[in-house]
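Worksheet: the structure to be examined is printed underneath.
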Amino acid sequence: MTSDAKRSMQLSIADRIDSIKQQEWNQIAEQDEYSPFLEYQFLHSVELAGCAAPNAGWHPNHFVLNGPDGLIGAAPAYVKTNSSGEFIFDHAIAAQVIGAGLNYYPKLVATLPFTPCPGYQFLTSDKADIEEQNSCIMEGMREFTYQSKYGSASILFPSSCFDKRLQEVENLNSWSHQYFLWLNQDYETFDDYLCSFNKNQRRNIVRERASIRNQGITVRIYTGEEIDSYLMSLMFKFYHNTNRNFGLWGAFFLNEEWFCYIAKVWAHRIVLIAAYMPKYEIPIAMSMLIRKNRHLYGRYWGDMFYIPNLHFELCYYTPIEYAITQRISDYDPGMGSRHKARRGFRSYCFNSYHDYTNKAVREYFSHFASLCNQEESNLIKQLNDSVPWARQSVKTT
């Protein structure tokens, strides 16, 4: 970076996102190329509701880059005192490091809180050189981490374009992870989507959807102004039920305050899918998705009681049908469940990037990651080989 460029940029750290003007932040974040989870409303909501807050192990430390005319770049980041809510499961590494008498926490984490969807990147403005902005923020993160004597600095769930930039940064170790993504093959109807599968899987999906209709269950989609605090309060209860059922493995990071507040400030991004059954006045199950332009993200789901195939309907089939109707290009259904592969969700690889300040830990992690990366590559191949496609080719990118 040139000295003139450095002098024109001022990097600071904000310990609360509401110390930054929403309009300035979103002037960049609402642009098409950025994940919706980088937008001010989402980041502010998890802080305001106490979810991404110090008492939960999340200490906001957002990197803010200002130029002569105001904000030109930013990077949401948190000093973490645990690994909760990150969805990059480094607990075994932490146990080894701590067991060796070394510090693992605190650590600096640049991520989308509670959101296992690739899409994180630094916000950069076209008012200045993007490479210089990225370099300034990256250097600032590294300097902050080492001066503070934190265990590491990590960037989680980067977007594909940001990943390419990170590959060129020195002293960053990459760790590969699998994720699912459905791509719209220019389908006109849900039947077109069905035709992408072999005969047995087409019959299976038709049977699963029919089993829902045959019980008198109807499905309704709510968007925008149709979404109110009542529906979101119900969504919270379903979310709570799901995570309670998983016990210690639950991902119970959000509270009812968050669900109700986000409906007030971000309803234009929310898609709710509700299942209704005769004799019940309220939905018996719901799923919540986020939409930005031609991208759809599955987030939360829950039910009042178990009904076979209802999860598939609300989390896979109805969202896919909605995506086809709305000309959405891709649908990220969220983490987990090999059932997704049989419904046409291909597996892809994304990387997380880690800079450990202790040389011994850095070497240990490098060895650990190299083993994990090969295993993850094998898993991705296995999952993609298990997709029951028809014989015609299906595009993968």
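Considered as a group, the residues in segment 271-282 that are assigned to a loop (DSSP other than H, G, I, E, B) and more than 23 Å from V206 (Cα to Cα) include one that is nearest to the chain's Cα centre (by Cα), and that residue is I282.
The number of residues in segment 293-331 being part of a helix (DSSP H, G or I) and either in contact with a helix residue (DSSP H, G or I) (Cβ under 7 Å, 6 or more places away or on another chain) or at pLDDT below 95 (or both) comes to 8. Condition check: more than 24 Å from M335 (Cα to Cα), out of contact with any Asp or Glu (no Cβ under 8 Å at 6 or more places or on another chain) and touching a residue at least 60 places away in the same chain (Cβ under 8 Å). Does S135 satisfy that? Taking the combined requirement at face value, the residue satisfies it. Total residues in segment 341-362 satisfying the condition of being touching a strand residue (DSSP E or B) at 6+ places or on another chain (Cβ under 9 Å) and assigned to a helix (DSSP H, G or I): the figure is 5. Which of the residues spanning segment 254-311 are touching a Phe, Trp or Tyr at 6+ places or on another chain (Cβ under 7 Å) and polar (S, T, N, Q)? Within segment 254-311, just S287 meets the criteria.
Which residue pairs have Cβ atoms closer than 8 Å, lie 6 or more positions apart in sequence or on different chains, and pair a first residue in segment 110-131 that is closer than 17 Å to L71 by Cβ and not assigned by TED's automatic domain parsing to the domain that holds G70 with a second residue that is crowded, with 22+ Cβ neighbours inside 10 Å and at pLDDT 95 or above? No pair meets every condition. Taken over segment 284-318, the residue count meeting the criterion of being farther than 22 Å from R338 by Cβ and within 20 Å of the chain's Cα centre (by Cα) is 8. Here the condition is being over 30 Å from A77 (Cα atoms) and in contact with a strand residue (DSSP E or B) (Cβ under 7 Å, 6 or more places away or on another chain); of L156, L181, L194, L231, it holds for L231 alone.
Out of all the residues in segment 1-52, which are at pLDDT 95 or above, among the small types (G, A, S) and surrounded by fewer than 16 Cβ atoms within 10 Å (Cβ to Cβ)? Result: S12, S19, G50.
The values are calculated or read from the model by the stated rules, or taken from the named source; none is laboratory data. The model shown is predicted, which means the values in this text are computed figures rather than measured ones. Cβ atoms come from the backbone with ideal geometry, glycine included; neighbour counts cover every protein chain shown.
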